[in-house]
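One structure is given here, and the rest of the page talks about it.
The values are calculated or read from the model by the stated rules, or taken from the named source; none is laboratory data. Bear in mind the structure is a predicted one, so any value in this text is a computation, not a measurement. Glycine gets a Cβ as well: all are built from the backbone with ideal geometry, and neighbour counts include every protein chain shown. Heavy atoms of the whole protein, side chains included, go into the accessibility calculation; ligands, DNA and RNA do not. Shrake-Rupley method; radii C 1.70, N 1.55, O 1.52, S 1.80 Å.
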Amino acid sequence: MSWHPQYRSSKFRHVYGKAASKDKCYDCVPITCSVQDNQFCAVNPSFIAVVTECAGGGAFLVIPIKQTGKLDPHYPKVCGHKGNVLDIKWNPFNDFVIASCSEDATVKIWDIPNQLLKRNITTPKKELLGHSRRVGLIEWHPTANNILFSSGYDYKIMVWNLDVKDAVLSKPVKILDVHRDVVLSMSFNTDGSLLATACRDRKIRVIEPRAGTVLQEASYKSHRANKVLFLGNTQKLFSTGMSCWNNRQIALWDQNDLSVPLLEEDLDGSSGLLFPVYDSDTHMLYVVGKGDGNIRYYEISPEKPYLNYLMEYRSQLPQKGIGTMPKRGLDVAACEIFRFYKLIPARGLIEPVSMIVPRRSESYQEDIYPLTAAAQPALTAQQWLSGINKGPLLVSLKPGSGAVNPLPQFLDLESLMEVTDMSQQEGAGRKMPLEDEQKPREKRQKLEEELPRNEPTCPFNGFDTFECPPPKTESELLRMYFRQQEEICRLRALINQRDVQIKQLKLELKNIRMDT
C-alpha cells in the first residue's frame, strides 16, 4: 500500500482575499430586491452591470468599470423591459453588447455606447420573443459567436442565432424540451458541445444542445441540486444544493456516469444558495454563499480526493449576488488571479474582492497565468450549428504583449541563409570534410521545409489585418484594436521562435567546427 502525504504542494495554497478600499467601491447603488436565485451582476473589463429597482418595469445599470465612488441618484438606466429583469450577461466576445431577460417573457440584446451614459436606453438592438412565460436564465455560448441560450418558466430552453438582420426574432433555431420543471442552472463545457442543467425536479442532466438529446441524467435523491457547473476539461461536474436534512451541500460528479456522486459533503446549516465559480486556468473552484459574506475556495485535482480545500474568505457584509471579472481584466502586476464583485444591498454597495497569490517578485508570474480564453470567437454561429466543435482561442496575459507597434516583418529565408553562411565562414576559414559539410546543408533543407511558402498576410483566427474593411463605429474600432494587439503578440512569438532556431543552428555549426 502506497503512502500519501497529508499535505500536498500547491502554488495556490496561500491564496487570500483582499477587499477593495472604500474609494474603489461603488456606493449608493440601488440594488434589486428580487428574490430570484441569480447573480444580478455582470462584469467585463469595460463595464459593470447591476440589476436595479425601477418603477413601471425592469431596469439595470451599466457603470464604467473605472467610475468608482458614489453613484449619481439620477444616473441613466437601461430600461426597456415591462417586467423585472431577472438575469443579465455580457457577450464574451464584445464588451459593448449585453443580453437581459425579464418577467415579461422576452430577451433583449442591447448596444452600450463607449462614452458615459447621458440618458436612459430604452430601445434594444434585438428582441427575442419565443417564451410563453417569464425568462429566468440566459447564457452565451463560450466559443461560437452570437449564439444565446435562454431558459423560461415554460420549462423550455431556446437556442437563438443572433447573426441575422431582423430586430425581432420569434423563432429560435432549436428548442430543448426535455425538462419537467423550471431549469435552475445552465453550464457549458469548454468547447460548448455539452450543456449541463439543474432542474427543480431534483435532476441533473447533460444534454447535447444541437440534437436536443439527454446523454446523462442524475436522480440522486439525497442531493437536491440548485446550481451545476462543468469543471473545464476534467470530465467532471460540480453541483451545490441541499441535503435531505436541509444542510447546504456540495457534490462532485463524473459527467459520463451521474448515478452516484464521486464526492458529497455538507457545509453548514444555512439556507442561502451557493454559487459555484470555476477558474479553468488555475483549476480553482470558488463557492460563494448567498446571504453570508463567505467565499470558500478549493483546488481541483485529477486524482482522489479530487476536491482539495484551500481557505475561506470571510466578511461581515452579506452578499445578495456576485459578479466575476474575466481573466483579461485582472491586475497581473499584483498577482491577482480572480476578482469578485459583491452586491451588498443593505448598504447600497458593490465591493470588489481580489484573490491574490502572495509573491515577493514584482515581475510577471508565468506559472500562475497560463494562456487564457481570448475575447475572440473560435467559431461562427453557422459553423457551430452545422456540428463543428472547437475550443476557445487562447491569449497571454503578459503585460506589453499586445502593445500597438507597426506590423513586424516576417523573418525571410534569405536572411536565415545569410546568418548560417556567415557562421560557417567564422573560425579562420578552415575547410571542413565533405561529410561534415553536408550536416548544416541538411539542417537548412529541413528548415526550408518547415517554413511556410508563398503565404499571404497571415490571418489571425479568420481576421486579416489588410483585407478587413475599415471600422465604421467606435465599438468596431475598439474590436479591431484588440484584434490587432493579439495579432502583434502572435507575430512577436513567431519572431522569437525563429531567433531561437537561428541560435541553435549557430551552436551546431560551432560544435561541428570544434569537432573537425
Checklist entry - Conditions: (1) touching a residue at least 40 places away in the same chain (Cβ under 8 Å); (2) exposed (fewer than 15 other Cβ atoms within 10 Å of the Cβ); (3) under 29 Å from residue 185 (Cα atoms). Residue 56 meets all but one. Number of the miss? => result (1)
Checklist entry - Can you tell me how many residues in the range 46-93 are in contact with a strand residue (DSSP E or B) (Cβ under 7 Å, 6 or more places away or on another chain), over 16 Å from residue 120 (Cα atoms), of a type in the set (A, V, I, L, M, F, W, C) and in a loop (DSSP other than H, G, I, E, B)? => result 1
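Quick grid of which residues meet (1) modelled with pLDDT under 60; (2) under 16 Å from residue 94 (Cβ atoms); (3) open to solvent by less than 90 Å² (accessible area, probe 1.4 Å):
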residue	(1), (2), (3)
444	yes, no, yes
447	yes, no, yes
456	yes, no, no
462	yes, yes, yes
472	no, yes, no
478	no, yes, yes
483	no, yes, yes
493	no, no, yes
508	no, no, yes
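Yes/no per residue for (1) touching a Lys or Arg at 6+ places or on another chain (Cβ under 9 Å); (2) open to solvent by 20 Å² or more (accessible area, probe 1.4 Å); (3) under 13 Å from residue 16 (Cβ atoms):
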| position | (1), (2), (3) |
| --- | --- |
| 289 | yes, no, no |
| 293 | yes, no, no |
| 313 | yes, yes, yes |
| 320 | yes, yes, no |
| 326 | no, yes, no |
| 335 | yes, no, yes |
| 346 | yes, yes, no |
| 353 | yes, no, yes |
Checklist entry - Taking the range 300-311 as the search range and keeping residues that are of a type outside the set (A, V, I, L, M, F, W, C) and part of a strand (DSSP E or B), which one is most open to solvent (accessible area, probe 1.4 Å)? => result 309
Checklist entry - If you check residue 123 against the conditions, is it closer than 20 Å to residue 50 by Cα and open to solvent by less than 80 Å² (accessible area, probe 1.4 Å)? => result no
Checklist outcome for this item: Among (1) touching a Gly at 6+ places or on another chain (Cβ under 9 Å); (2) polar (S, T, N, Q); (3) modelled with pLDDT of 95 or more; (4) surrounded by fewer than 23 Cβ atoms within 10 Å (Cβ to Cβ), residue 84 falls short only on (3)
Checklist entry - Is it the case that residue 214 is farther than 19 Å from residue 128 by Cβ and buried (at least 17 other Cβ atoms within 10 Å of the Cβ)? => result no
Checklist entry - Restricted to the range 340-377, and to residues that are of a type in the set (Phe, Trp, Tyr) and modelled with pLDDT under 95, which residue is farthest from residue 232 (Cα to Cα)? => result 364
Checklist entry - In the range 164-211, what residues are open to solvent by 30 Å² or more (accessible area, probe 1.4 Å), among the basic types (Lys, Arg) and within 22 Å of residue 259 (Cα to Cα)? => result 180, 200, 202, 203
Item to check | Looking only at the range 92-105, and only at residues there that are polar (S, T, N, Q) and open to solvent by less than 10 Å² (accessible area, probe 1.4 Å), the one that is modelled with the highest pLDDT | outcome: 100
